[in-house]
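Read-outs throughout are calculated quantities, based only on the coordinates presented, and are distinct from any laboratory measurement. Source: prediction; values computed, not measured. Because the Cβ atoms are built from the backbone with ideal geometry, glycine has one as well, and the counts that use them run over all protein chains shown.
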Amino acid sequence: MTEKFKPETLCVQAGWTPKKGDPRILPIYQSTTFKYDTSEQMARLFDLEDSGYFYTRLQNPTNDAVAAKIAALEGGVAAMLTASGQAANFYAIFNICQAGDHFVCSSAIYGGTFNLFSVTMKKLGIEVTFINPDASEEEITAAFRPNTKLLFGETISNPSLEVLDIEKFAKIAHAQGVPLIIDNTFPTPINCRPFEWGADIVVHSTTKYMDGHAATVGGCIVDSGNFDWDAYADKFPGLCTPDESYHGLTYTKSFGKGAYITKATAQLMRDLGSAQGPQNAFILNIGLETLHLRMPQHCKNAQRVAEYLESCEEVAWVNYCGLPSNKYYERAQKYMPNGSCGVISFGLKGGRETSIKFMDSLKLVAIVTHVADARTCVLHPASHTHRQLSDEQLIEAGVRPDLIRLSVGIENADDIVNDIAQALKA
Ligand SMILES: *Cc1c(COP(=O)(O)O)cnc(C)c1O
C-alpha cells in the first residue's frame, strides 16, 4: 500500500495487506518471540543482515503494520511505534543527540515535553535552548551552537495553541545543517503534513486523536527520509559512523533512507525498551480507521463552540486559530486549510477562581487530564498538568494562569454549547 491513495483510504486500508487466506483485519501478534528453523537464520537477524521478527521489544508485526499506516499518512518512509508520546519524543531526540550535544526548541510545547527536555535530558548531558517560536529567523538562529543537533517544535502547541511557522523553522534548521523535528499530535496528518513544509521527522502522541477514544497511551516517530545525514557526518556520528554494538555496521551506509528509524529500533528499543504492546497497537489501528471522519467533526464542533464563547460576556478571551480574530488565523489557513484541531483555550472574567467554579459546574463536559478524544473534556493546566511550573514559566510556555483548555469532542454541538451555557450562568 503506497502513497498513491488519498488519506481517507490510507486511514482504512494502509499498513496491513492480507495475502491469500490471511485475516481480513490486522491480527494481534500477541507473542514475545518468533520461531526460526536454523540458528544461522536467527543470527542474521541479530546482525541486521536480514529483516524479520525475533523479539517484541524490538519489533512486532502488529506494531509495524500500524507504524506503516502512520508513515503512509504522513508521507514518510518509515515509522516506529512507542509506548507513549513521551517515549517518542525522547527517542526522536536521543537517536541523534548524546551527552555534550545541544538542541533548540520552541518554548510553546507540551508541559511533559518541556520537563523531559529541560530537566531529564539535561541530566543525560543534553542541553536545550528554548526560543520564542515567533522570534525572527536571526534571533532563533542566534541560539544555535557548534554542537546543536536539531530544531524542535509543535505544529499546534498543547495547551497554548500557538501555530508554528513550519517553513520558517525548516529554513532555519537546514541553514544550520540540522533536521527539524515536529510534534504533529494536535492536527494529525489529516489536517497537516509537516513533511510537505520541510520538516524531516514527525512525532506523535497517538494517545490523542489518532487513538481518539482515550483507550490507549502510545506514540510514534515517522521519518521523511529527506535529511542527508552523511552531508553533515561529523555532527551525526551515531548514524554515520560504525556502531560497535552491531559489529561496526553504519546505519546510513546499510539502510539509506531507513537509517534513522532502523537505528531507533535496533539500538534504542533494544537497549531502553518502551515498545508499544501489540494489543494497544491493534486498538490504535481501529482508531486510525476513522481518523478522517472524526477530525472534521472535532473541528466543526470546536469552531461552533469557539464562536459561542467569543459571544459570551462572561468570557475574557478565546484562543482558537479557526477564529478570524485569532493571531494565528492566517497561518492556520496556510498550514491547515481544512481545520486545525478540536482544542480551544479560553479565560473567564474573574480569573483563576471563576475558572475553577465554572469547570466544577459542567455536567456533560468532564474534567479529565486527557485531551483530544471523542468526549468533550476540560482541564485547568495551572492546577493540573502544569502544576510544576511557576507563574513565570507558565507565561513563558504560553499558558496563562486563568487558561481553561477545552477539548471539544464529536457529540452534538448544541449539547456541548448548552452545557457550557448553564455552567457560565452558575
Ligand atoms: C500528550 C502529548 C505528548 C505526550 O504524549 P503521551 O502519550 O501522553 O506520553 C506529547 N506531545 C503532545 C503535543 C501531547 O499533546
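What fraction of the Cα pairs in segment 350-426, stated in percent, has a spacing above 16 angstrom?
Pairs farther apart than 16 Å: 51 percent.
Counting each DSSP H run of 4 or more residues in the chain as -39500 (n - 2.57), what helix-only mean residue ellipticity at 222 nm follows after dividing by all residues, to the nearest 500 deg cm²/dmol?
Details: 17 runs with 146 residues, N = 426.
Taking each H run of at least 4 residues, the total per residue is -9500 deg cm²/dmol.
Can you tally the net charge around residue 249? Count Lys and Arg as +1, Asp and Glu as -1, for every other residue whose Cβ sits under 11 Å from the Cβ of residue 249.
My count for the surroundings of residue 249 gives -2.
Ranked by Cβ crowding within 10 angstrom, fewest neighbours first, how are 360, 415 ordered?
Final ranking by Cβ density, sparse to dense: 360, 415.
Over all Cα pairs of segment 158-225, how is the pair count split among 5 Å bins, expressed in % and running from 0 up to the last occupied bin?
Reading upward from the zero bin: 4, 17, 25, 24, 17, 9, 3, 1, 0.
Treating only the Cβ atoms of Lys and Arg (+1) and Asp and Glu (-1) as charged, compute the dipole magnitude of segment 293-425 about its Cα centre; round to the nearest 20 debye. Don't jump to the answer; show the numbers that get you there.
Values: 15 positive and 16 negative charges, 53 e Å.
Once rounded to the nearest 20, the dipole reads 260 debye.
Once the mean 1/r over all distinct Cα pairs of segment 225-336 is inverted, what Kirkwood radius in angstroms do you read off?
Roughly 18.7 Å, rounded to one decimal.
In the chain, what percentage of the DSSP-assigned beta bridges are antiparallel, given to the nearest 5? Mind showing how you got there, number by number?
Details: 24 of 41 bridges.
Expressed as a percentage, antiparallel bridges in the chain total about 60.
Based on C-alpha coordinates, I'd like the Rg and Dmax of segment 168-288, in Å.
15.9, 44
How big is the equivalent ellipsoid of segment 36-152 along its three axes, where each semi-axis is √(5λ) from the Cα gyration tensor, reported in whole Å from largest to smallest?
35, 17, 13
What percent does the relative contact order of segment 293-425 come to when contacts are Cα pairs within less than 8 Å and at least six residues apart? Display every interim value, and only then the final one.
Details: 220 pairs, mean separation 37.8, N = 133.
Computed over segment 293-425, the figure is 28 percent.
So, in Å, what gap is there between the alpha-carbon centers of segment 343-413 and segment 182-213?
22 Å
Can you sort 39, 355 by how many other beta carbons sit within 10 Å, fewest first? Could the numbers behind the result be given before it?
Numbers: 39 8, 355 22.
Exposure proxy ranking, most exposed first: 39, 355.
I want the local charge near residue 373. Using Cβ-Cβ distances under 11 Å, sum +1 for each Lys or Arg and -1 for each Asp or Glu among the other residues.
Numbers: positive: 208, 294, 375; negative: 211.
Result for the local shell: +2.
Just how many % of Cα pairs in segment 293-425 lie over 27 Å apart, if you round to the nearest whole percent?
14 percent
Place a +1 charge on the Cβ of each Lys and Arg in the chain and a -1 charge on the Cβ of each Asp and Glu, then give the dipole magnitude about the Cα centre in debye, rounded to the nearest 20.
Charge dipole of the chain: 680 debye, to the nearest 20.
In whole percent, what relative contact order does segment 7-287 give with Cα contacts below 8 Å and a gap of six or more residues?
Numbers: 538 pairs, mean separation 64.6, N = 281.
23 percent.
Note down the relative contact order for segment 379-426 as a percent, whole number, built from C-alpha pairs under 8 angstrom at least six residues apart.
36 percent
Just the Cα atoms of the chain, one point each, no solvent: what log10 I(q)/I(0) does Debye give at q = 0.08, 0.09, 0.13 Å⁻¹?
Calculated log10 I(q)/I(0) at the listed q: -0.44, -0.56, -1.13.
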